[in-house]
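The values are calculated or read from the model by the stated rules, or taken from the named source; none is laboratory data. Note that the coordinates shown come from a computational prediction; the quantities given were computed from them, not determined experimentally. Note: ideal-geometry Cβ built from the backbone for every residue, glycine included; neighbour counts use all protein chains shown.
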Amino acid sequence: MVYFAASDTGRVREQNEDFSFATDRPIGRLDNLFVVCDGMGGHNAGEFASEGAVRRMINTIRTSRRIDPYDILSDSIEAANREIHERSVDDPEKAGMGTTLVAATVRGKTLYVANVGDSRLYVHDRRGLLQVTKDHSYVEEMVRKGLLSPEEARFHRDRNKITRAVGVLDEVRIDFFDIEVSYGTQILLCSDGLSGMLLDEQIERILSTGVDVKSRGETLIRMANENGGRDNITVVLVEID
């Protein structure tokens, strides 16, 4: 596989509270690992939460004796949740901090995905673009209940309110997904600084171009900035080669 990973502060925010990790080499008992986090909290707490969650995940994965990818991801996210929550309780300046998290690993022909919050994972193949994860957000729950249309949700004033995050509570609820992948499949992990600035149709059009993975990833970030860049933009793009 080949991959591209980058983060951009955007055109509005003064600091970048996103954090990502990407490797196509084995880490612990996982063959590869890709993660995107989007932190929240004042006094740099969001930056601490996103980076701290990723680092705790990695340390847990490296020492895990588990076999199943879901077990490994689950244990590592729960460990990250405990660490971030404990720090938020102990340090008044970090009270209430947390982070979204989307993580993925490929084993054989299967993509294993875990997510908390509204950072997303998409898969793009010959069938088109598929959003695999489901946003844990106030407006997305209203969409699922039929109270808002997707277009109304996109511009709703509460669109950034999330209903789940790593580190906010002493326990975390994680969603898991698996999907078959094959030659040519693209896997996109991103923060809402990308998905909030580009329509799915725009993302699909960029991923369908014949250029290399790096160029596609850079184009996604550039287009998000051209559309307003209202938030930090993080992209991890993986292609099965």
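Brief remarks follow.
- Cβ pairs under 6 Å, 6+ apart, first in region 97-109 and of a type in the set (A, V, I, L, M, F, W, C), second modelled with pLDDT under 95 and in a loop (DSSP other than H, G, I, E, B): Met97/Gly41
- Glu204 falls short of the stated requirement of being among the acidic types (Asp, Glu) and assigned to a loop (DSSP other than H, G, I, E, B).
- Of all residues in region 1-57, exactly one satisfies the criterion of being under 20 Å from Ser137 (Cβ atoms) and basic (Lys, Arg), namely Arg13.
- Test result for Val172, outside any loop (DSSP other than H, G, I, E, B) and either touching a helix residue (DSSP H, G or I) at 6+ places or on another chain (Cβ under 6 Å) or not charged (D, E, K, R) (or both): no
- Hits in region 120-131 (condition: under 14 Å from Leu237 (Cβ atoms) and within 15 Å of the chain's Cα centre (by Cα)): Arg120, Leu121, Tyr122, Val123
- Hey, Val36 touching a residue at least 24 places away in the same chain (Cβ under 8 Å), outside any helix (DSSP H, G or I), buried (at least 22 other Cβ atoms within 10 Å of the Cβ) and aliphatic (A, V, I, L, M) or not: yes
- None of Glu14, Glu83 is assigned to a loop (DSSP other than H, G, I, E, B) and either touching a helix residue (DSSP H, G or I) at 6+ places or on another chain (Cβ under 6 Å) or free of Cβ contacts under 8 Å to residues at least 12 places away in the same chain (or both) except Glu14.
- Among residues of region 177-197, those that are under 20 Å from Gly117 (Cα atoms) and either surrounded by 22 or more Cβ atoms within 10 Å (Cβ to Cβ) or in contact with a helix residue (DSSP H, G or I) (Cβ under 9 Å, 6 or more places away or on another chain) (or both), counted: 12
- Subset tally (residues that are of a type in the set (Lys, Arg) and modelled with pLDDT under 95) for region 40-84: 0
- Qualifying residue in region 143-162 (condition: in contact with a His (Cβ under 7 Å, 6 or more places away or on another chain), assigned to a loop (DSSP other than H, G, I, E, B) and free of Cβ contacts under 8 Å to residues at least 40 places away in the same chain): yes
- In summary, Ala22 fulfils each of the numbered conditions (1) closer than 22 Å to Thr163 by Cβ; (2) in a strand (DSSP E or B) with the single exception of condition (1).
- Residues that are surrounded by fewer than 24 Cβ atoms within 10 Å (Cβ to Cβ), at negative phi and not in a strand (DSSP E or B) were ranked within region 95-109; the one that is modelled with the highest pLDDT is Lys109.
- Taken together, the residues in region 207-241 that are β-branched (Val, Ile, Thr) and crowded, with 21+ Cβ neighbours inside 10 Å amount to 6.
- Checked against the criterion of being surrounded by 14 or more Cβ atoms within 10 Å (Cβ to Cβ), under 22 Å from Asp24 (Cα atoms) and of a type in the set (Lys, Arg), the candidates Arg82, Arg62, Arg87, Arg66 yield just one match: Arg66.
- Check on Met57, within 22 Å of Arg230 (Cα to Cα) and surrounded by 21 or more Cβ atoms within 10 Å (Cβ to Cβ): no
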